[in-house]
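Asker: Just dropping this structure here.
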Amino acid sequence: MTNLLTRNRHAPADPDVPAGTGSAHAATAAWTSGSALATKVATFVLVAAIASGPVALAFQMVAPRTAPVVHASAATEWQASTLASQRAVELVDAWLAATSSDSARLQSLYPGAVASLPNSPVVTKDAAASSLIEAGEGVWTVVVGVEEQSAAPQPTPSPAAVGTAGGASWVRRYYQVAVHVAGSAAQVLSLPAPVAGPGTSDTQRTDYPRQVPATSALGTSVQAFVAAMVAGSGDVSRYTSPGVSISPITPAPYTGVTLQRLDAVQDSVAADNPPDGAWVQVLASVSLVRTDGQKATAQYALELRARAGRWEVTQLASGPHLRPASGVSTSSTP
């Protein structure tokens, strides 16, 4: 490119060009050469850019990628606990199903020695993790509950632990399993150990000292609300305070609702014709009619507030109001 410009600057004068026009001619020549050079450069850049597209794409495809950095979080711990729970349930299922002639599934989960196995498997259903704690670095202790069909007549256990289905007697039993989790791998550390199930307690009492007539305005509002929520009887929003959103069950699993009993926390409440702003906590015992015509009793802890002479639901409480340790009935402030 330098030689091209040099030749243009030092080219001999054209004899046919009139005197005094040499400078203009040289300037024109220089401008023409520069324009041509610029055009060539632009063309080269364009061609290079087009050509570099596939090259750059190929480079991206073959170039090594940097592994993303995964930071420890609650989600990572949740995954580890889930793996531990699933592996523990699998082991308990395999252990109860294993026999002296068929233990392949058990051995695939626990490669250690198993001294003895029964001749027939235990019939089970509904195995699920009941409790889970992290006992050490990557080690989880899981308690698995499972329904077992009784192999022989047993002494009558508590109603909470036993059910009958098709003439069979079922008992809920519990097994503890230790599982080590590393990344996406879960390793069973021991065979299941039978343990006692969760105990029961009678130290807590609900605190609803006053019974309210089911036929009162308060009782009517409660029944209408529950019927709308579980039986599709009307719009739930008709029975809730403005701004309160409680979703109905869809599709409705019940066809009818009857309020059997209504108890309130507050000692004095105007069940009929309440003043605006009055507030009450109630426990409603309702009879739910299933689609097959059978009935079942359920209980709802609700909070209601009076507006324009009628009761409206303000909250579907997470649980009933409990009596404090002192034994003195109290009510919280709305």
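The values are calculated or read from the model by the stated rules, or taken from the named source; none is laboratory data. Everything quoted here is computed from the prediction, not taken from an experiment. Cβ atoms come from the backbone with ideal geometry, glycine included; neighbour counts cover every protein chain shown.
Asker: Applying the selection to the range 96-108, what residues are under 17 Å from Tyr175 (Cα atoms) and touching a helix residue (DSSP H, G or I) at 6+ places or on another chain (Cβ under 6 Å)?
Answerer: Of everything in the range 96-108, those that are under 17 Å from Tyr175 (Cα atoms) and touching a helix residue (DSSP H, G or I) at 6+ places or on another chain (Cβ under 6 Å) turn out to be Ala98, Leu106.
Asker: Among strands (runs of 3 or more DSSP E) lying entirely in the range 101-191, which contain 1 or more residues that are over 27 Å from Ala84 (Cβ atoms) and either of a type in the set (Lys, Arg) or at pLDDT 95 or above (or both)?
Answerer: Result: empty, no element qualifies.
Asker: Scanning the range 243-269 for residues that are under 30 Å from the mean Cα position of the chain (by Cα) and in contact (Cβ under 8 Å) with a residue 60 or more places away in the chain, which turns out farthest from Tyr300 (Cα to Cα)?
Answerer: Here the residue is Val244.
Asker: Take Val114 and tell me if it is in contact (Cβ under 8 Å) with a residue 60 or more places away in the chain and not hydroxyl-bearing (Ser, Thr, Tyr).
Answerer: When the stated conditions are applied, Val114 passes them.
Asker: Further, regarding this structure: Determine which member of the set Ser221, Ser237 is in contact (Cβ under 8 Å) with a residue 40 or more places away in the chain, in the same structural domain as Leu302 (by TED's automatic domain parsing) and in a helix (DSSP H, G or I).
Answerer: After applying the criteria, what remains is Ser221.
Asker: I need the full set of residues from the range 109-137 which are touching a helix residue (DSSP H, G or I) at 6+ places or on another chain (Cβ under 8 Å) and hydroxyl-bearing (Ser, Thr, Tyr), in order please.
Answerer: Residues satisfying the conditions are Tyr110, Thr124.
Asker: Go through the residues of the range 221-230 one by one and say whether even a single one is surrounded by fewer than 18 Cβ atoms within 10 Å (Cβ to Cβ) and at pLDDT 95 or above.
Answerer: So far as the range 221-230 goes, no, none of its residues is surrounded by fewer than 18 Cβ atoms within 10 Å (Cβ to Cβ) and at pLDDT 95 or above.
Asker: What about Asp272, is it without any contact (Cβ under 8 Å) to a residue 12 or more places away in the chain and touching a helix residue (DSSP H, G or I) at 6+ places or on another chain (Cβ under 7 Å)?
Answerer: Spelling it out, it is not the case that Asp272 is without any contact (Cβ under 8 Å) to a residue 12 or more places away in the chain and touching a helix residue (DSSP H, G or I) at 6+ places or on another chain (Cβ under 7 Å).
Asker: Does the range 251-261 include one or more residues that are on the phi > 0 side of the Ramachandran plot and touching a helix residue (DSSP H, G or I) at 6+ places or on another chain (Cβ under 9 Å)?
Answerer: Within the range 251-261, not a single residue is on the phi > 0 side of the Ramachandran plot and touching a helix residue (DSSP H, G or I) at 6+ places or on another chain (Cβ under 9 Å).
Asker: Can you tell me which residue among Thr200, Thr215 is surrounded by fewer than 13 Cβ atoms within 10 Å (Cβ to Cβ), out of contact with any Asp or Glu (no Cβ under 8 Å at 6 or more places or on another chain) and part of a loop (DSSP other than H, G, I, E, B)?
Answerer: One residue alone meets the criteria, Thr200.
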